[in-house]
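Okay, so here's the structure we're looking at.
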Amino acid sequence: MGISPEYLGLLRASINSSPEWKQAWERTNDYLDALRIPADLERELLLLTSFERAIARKRKEPSVSPTELAFDEAQKALDATLGDLISAKVPADRRSVEQRVRLYLTQPTQNSVVSRGNRLSHEVLAALRDVRLEAVPRLQQAAITPRPFALNTAGERLASLAGKFSLLGSNRTLAWLIGLCLVGLLIYMSL
Amino acid sequence: MSGPGRSVRLVELVGSTRLDEVFRRKVRQRRWGVTLVTVCVAAIGLWLFSDILGSTGWSPIKVLELAVFSVLFTTLSFGFTQAFVGFLVLAEGHEPLKITNTLDESTPLASTAVAMPIFNEDVATVFGNIRTLYRSLQKRGELETFEFYILSDSTQPEKLVEEELAWADLCRQTNGFGRIHYRRRKVPVNRKSGNIADFCRRWGHRHRYMVVLDADSIMTGESVASLVRLMEVNPRAGIIQTMPKLVGSETVFGRIQQFASRLYSPLFAAGLNYWQQGAGNYWGHNAILRISPFLTSCSLPVLPGREPLGGRILSHDFVEAALMRDAGWEVWFAYDLEGSYEGLPPNLTEYIKRDRRWAQGNLQHVWFLLADRVRPISRLHLIQGILAYSSAPILVLFICLAGIQAALDHFRGHASSIPLPAAIVLALLTLLLLFGPKLLSVFHLLAQPELLRRFGGAKRAIAGVIMESLFSILTAPLLVWFHTRFVLRNLAGQKVVWNTQTRASGSGSRWIEALREYWPVPVAGVVFGILAWWISPMYLLWVTPLLLGLWLAIPIAQISGRSGVLRRMFQTPEEIDPPRELSKAEPFQLRAGDQFVHAVLDPFYNAIHVALQRRRSPRALELDEHHDNLAKKLFEGGPAALTAEEKRALLSDGPALAKLHILVWRTPAEKMNPFWAEALRAYRNEQRATVPS
């Protein structure tokens, strides 16, 4: 890394002394936690170098908050570390997503993905670069032949009969009246 | 009849080489036998009832009453006959004509899709069940020919995100990428049948068979592989339906249904197979379908008229079986194939809600009774489905006619002239038809000591049957009440809304909820009781079993929905001695909380979701702008600022969501909506609690 431990210690102390930078540190740290990146020396170095660059940028861009600067720099550092995992053809706005997908896929062995000392083999790296998350297989389309509905002779007769009485069905009051009349007639005839 | 193994066995059994002819004759004989018994029993009932009715002279009401009685009693008689035949088949211990006789373990498997259509279902259950089947097949070394399709029609934004991550998690856990697929339809046209049809259109030529599962279906690898083998050795089989056993219930209601189904169903199933043979039915899940004839013959027609009785078909399964049969394919019932399970609604309310959908769906089938090219046995299946619900209003009509007649008789002083011996014999015959199948099931169980042990022993099984019978006596009037309402509402033009089925167990509804849902039932029961008393005390006595269920509707609904009660009763073999696939069903773990918020915050949820979305079209600039505005609105106002539709729209735009993810993480707490600051804090705490540093 080329940074002395004393310098890193100092940097850490100065970050902790400023509430704004401390918040930035916590947020960036939380994000790395969310990515399940193990809390080891590699991660600490990634964070500190990101903050070193963010602090430098702050001098040039005073209106931008430390959280934004630190997060952006951490993203860049992650891009550099995980860049091998994705194809160079992936557009810039998609790289973060593709990196996270690969981190997710390799989660149980993630140490080897992030750690510089324990790199993945070329075959695995090549395979990871080719990964494309597809939830469905290639289409092998088929046509479903629609079948028209056809009534038989009795059905047609019934349907036409029902059609003649459709007025009753559409007028509920009339239907109730006729129904009650029929019941009345039935009772009268049964007396 | 085909397949080498099957031919040899059948030659042995029927002693002839003209198999098809012999088989057909045998089936014809069986069907005539069942018809004869049904008609004879029904005729005895009709004769007794006409004797009772005619004793005080005939009237138009009595003629109508007799006609309605004949429909109800014949249905009852048919059910009893089927169970009785099933009892004889099981007692004999050998059924020569069943599809599973042709099963040959050495038959090579063929490319099969396991398709599970889902709609806002419990994600852990869906993916857990798929994982169970996947691992079961993997363990048998038979995974190669299978692919799994989770076909989502879900509309809730939270479910969409959860399903995607569950899919990715499942694939990662099982190394199932490329074998387990997840497809979501943006517009769920034509519901479940449309979902399956969409699958067939997309991948219909990729597989020879498809095994259709419901969200709560669990099948073992052995049973699925057996279904494929049965299809391979029976090239004329278009569908093979299994008989799923009900499992996993925790509530009193669910466990009673589970117990009853496990104990009584084998008789009915064996009886059903006895007469239907290759002219069986399809229940929509836990079945295998041959895709090619399904594509050419089973496309559902649109019915004349509008919903609820016309339009698009709601209950597709019976119709698909009828269409398959019409195209010359066989539909078999592998009733004795082990390893097929399903869940059931946890309480009476959910059960009734499901019935509402099914009632409308089955009533639509009336059209097929009048349709061209529907085979007689398929018509019979459709009639049975229609009667499952319409028999309730028919029964109500019968009770009303009997009430009017009783009133007329009472006021004319004819009540005492009813021939008592005929009435007693008819009552006993009705009781026999109603409870005979239960009794036969108990006899069958007592004859099998090993199975009896797995039901908790003789005492518990018999006590269970008695309590189940009491419970069904009390709930039957409730179901009659609701089924009548559903049928009448459908006839009046009201249609059902397609809701997600609640499958999980719970603590049951609270008393106040039960009161709110069921209060009209006891009120109607009291009114009807007073009316019955006024008509004649004898009539009141006659309808009291019905009224009891109505009066007690609220406590029945409340108590039966409770879990953890009567745990030592209603035990089933699957509870006492669960098969490996059920006992090892570990819950599918997902991150708790609002899944939509996770899609924004969680780097993996967000990445998986974004990666699965289509890229933005360069020409859809207005749409992109709309989505960017939604993302801004979400960032500034929190999730409450968006409607469900807006959330769905935003979720469909990967780049907008990816940008939002970065925006939330890089913005200082004081510059963002407090919701996101709090969500980040909660997320961090949860993260620290679950992930070791």
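Remarks
- Qualifying trypsin sites (Lys or Arg not before Pro) in region B:282-349, where qualification requires a DSSP coil assignment and no more than 11 other C-beta atoms within 10 Å, comprise B:Arg306.
- Largest mean-square fluctuation among A:Arg59, A:Arg138, A:Arg94, in a Gaussian network model of chain A whose springs join Cα atoms under 10 Å apart, belongs to A:Arg138.
- Average projection, convex hull of the Cα set of chain B: 34.9 square nanometres.
- Note: relative contact order over chain B, using C-alpha pairs below 8 Å and six or more positions apart, is 17 percent.
- Nearest-ten-degree value, helix B:60-92 long axis tilted from longest Cα axis of chain B: 70 degrees
- Using only Cα coordinates, the Kirkwood hydrodynamic radius of the protein assembly as shown works out to 31.4 Å.
- Theoretical FRET efficiency, 1/(1+(r/R0)^6), r = Cβ-Cβ of A:Lys89 and B:Asp372, R0 41 Å, to 0.05: 0.10
- With a simple spin-label model that places each label point 7 Å from the Cα along the Cα-to-Cβ direction, the separation between B:Asn685 and A:Arg12 comes to 2.7 nm.
- Cα centroid separation - region B:619-693 against region A:1-45, whole Å: 25 Å
- When the protein assembly as shown is described by a simple charge dipole with +1 on each Lys and Arg Cβ and -1 on each Asp and Glu Cβ, the residue from B:Phe368, B:Leu143, B:Leu348 located farthest towards its positive end is B:Phe368.
- Rough spin-label spacing in nm, given labels placed 7 Å along Cα→Cβ, for A:Ser121 and A:Ala39: 3.4 nm
- Cα-centred dipole magnitude for the protein assembly as shown, charges only on beta-carbon of K, R (+1) and D, E (-1), debye, nearest 20: 1200 debye
- Note on B:Ala458 and B:Arg201: the model spin-label points, each 7 Å out from Cα along the C-beta direction, lie 6.1 nm apart.
- Residue mean of other protein chain beta carbons inside 10 Å, A:129-141: 6
- Candidates per trypsin sites (Lys or Arg not before Pro) in region B:629-679, loop by DSSP, up to 15 other Cβ within 10 Å: none
- Dipole of region B:595-690, positive direction: furthest Cα of B:Leu612, B:Val664, B:Leu650, with charges on the beta-carbon: B:Leu612
- Taking 0.36 nm per residue of sequence separation and removing the Cα-Cα distance, the B:Ile44/B:Leu621 pair yields an extension gain of 200.1 nm.
- In degrees, nearest ten, helix B:537-551 long axis to first principal axis of chain B (Cα): 10 degrees
- Zone residues, region B:372-400, relative to A:Ile187, backbone N less than 15 Å from point 7 Å out along Cα-to-Cβ: B:400
- Helix-only CD estimate at 222 nm, as mean residue ellipticity for chain B, using -39500 (n - 2.57) per DSSP H run (n ≥ 4): -20500 deg cm²/dmol
- When only Cα pairs below 8 angstrom with a gap of at least 6 residues are kept, chain A shows a relative contact order of 16 percent.
- Modelled FRET efficiency - R0 30 Å, B:Arg510 with B:Ala124, Cβ distances, 0.05 increments: 0.75
- Most mobile listed residue (A:Ala34, A:Ala143, A:Ala80) in chain A, GNM with C-alpha springs under 10 Å: A:Ala143
- Computed about the Cα centre, the dipole magnitude for chain A is approximately 800 debye when only Lys and Arg (+1) and Asp and Glu (-1) carry charge, each at its Cβ.
- Dividing the summed -39500 (n - 2.57) terms of all DSSP H runs of n ≥ 4 by the residue count of chain A sets its mean residue ellipticity at 222 nm at -21500 deg cm²/dmol.
- Per-residue mean of foreign Cβ neighbours for B:57-64 is 3 (Cβ atoms of other chains, 10 Å radius).
- Relative intensity, log₁₀ I(q)/I(0), of region B:595-690 from a Debye sum that treats every alpha carbon as a point, q = 0.12, 0.17 Å⁻¹: -0.37, -0.72
- Residue mean of other protein chain beta carbons inside 10 Å, B:172-184: 2
- For region B:595-690, the Cβ-based charge dipole about the Cα centre amounts to some 280 debye (Lys, Arg positive; Asp, Glu negative; other atoms uncharged).
None of the figures in this text is laboratory data; all of them are computed from the coordinates on show. Model, not experiment: these values are computed from the prediction. Backbone-built Cβ (ideal geometry, glycine too); neighbour counts: all protein chains shown.
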